[in-house]
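Input: a single structure, listed below in structure tokens.
The values are calculated or read from the model by the stated rules, or taken from the named source; none is laboratory data. Bear in mind that the values here come from a model prediction, so they are computed numbers and not experimental data. Ideal geometry is used to build each Cβ from the backbone, glycine not excepted, and the neighbour counts take in all protein chains shown. Side chains included, ligands, DNA and RNA excluded: accessible areas come from the protein's heavy atoms. Shrake-Rupley method; radii C 1.70, N 1.55, O 1.52, S 1.80 Å.
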Amino acid sequence: MHQPKCLASVAVAAVPAALIALSAGTAVAQPPAPPTPSPGHATKLPIDHTNRNCDGSVASPNGTGSGTGSAVFNIPGPSGPNAPTQANAPNKIIVDVSITNATPNATYNVRLIQTPPSVNGGAGDCTGVDGTLNTDASGNGSVNVQEPVLSGAHDAFVALNNTTAPNTDFYTSPELTF
């Protein structure tokens, strides 16, 4: 969780080597503005082999995986009879991650990355593994990851890296604004 810059294809176990190997990645045009969920409502985003920097911007090269999937983000909002009028900030991010047709019988590290990278006292949130997703013989798997909203965070995305091929077999979701 303490690297200020990383690419989606960075594996936590190999951060220094991966950062050196991939630091030449070229930033490309930013996609449209991220969606913003209503507090207490889920938002489903696709997962694909797009590579992202720690700030969520698109980078190259893309991953080589052939899987597809989704990340369902839930940013719990205020609850109770006055929920629609309460202005409490969310305090947790919950994401259900599913993938199909990925590498069979593989383990993917899953990171829920909150942005901007200046969150967490400037340490960022790019390298901490928040869960693992294990695929079956068909390359299908799912996992639920949760973490507190970090001070200063206003966007989040997920990144999955195959533990045996972290720099090539990876997936990310677009950013979600909250």
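Given R₀ = 22 Å, what would the calculated FRET efficiency be for ALA137 paired with LYS44, taking r from the Cβ atoms and rounding to 0.05? The formula returns an efficiency of 0.30 here.
Between GLY152 and any residue 5 or more places off or on another chain, the built amide H atoms are never under 5 Å apart.
Suppose all protein chains stay in the model; what accessible area per residue would a 1.4 Å probe give for the range 132-178, in Å²? Write down the numbers at each step before the final one.
Details: 1730 Å² over 47 residues.
With all protein chains present, the range 132-178 gives 37 Å² per residue.
Put a dot 7 Å past the Cα of THR107, heading toward its Cβ, do the same for ILE94, and the two dots end up 2.7 nm apart.
Remark on THR132: its backbone amide H falls under 5 Å from those of VAL110, a criterion applied only to residues 5 or more positions apart or on other chains, H modelled at 1.01 Å from N. Stretching THR68 away from SER151 to a fully extended chain increases their span by 26.7 nm, per 0.36 nm per residue minus the current alpha-carbon distance. Sorting the Cα pairs of the range 118-162 by distance into bins of 10 Å, from 0 upward, gives 20, 47, 23, 9, 1 percent per bin.
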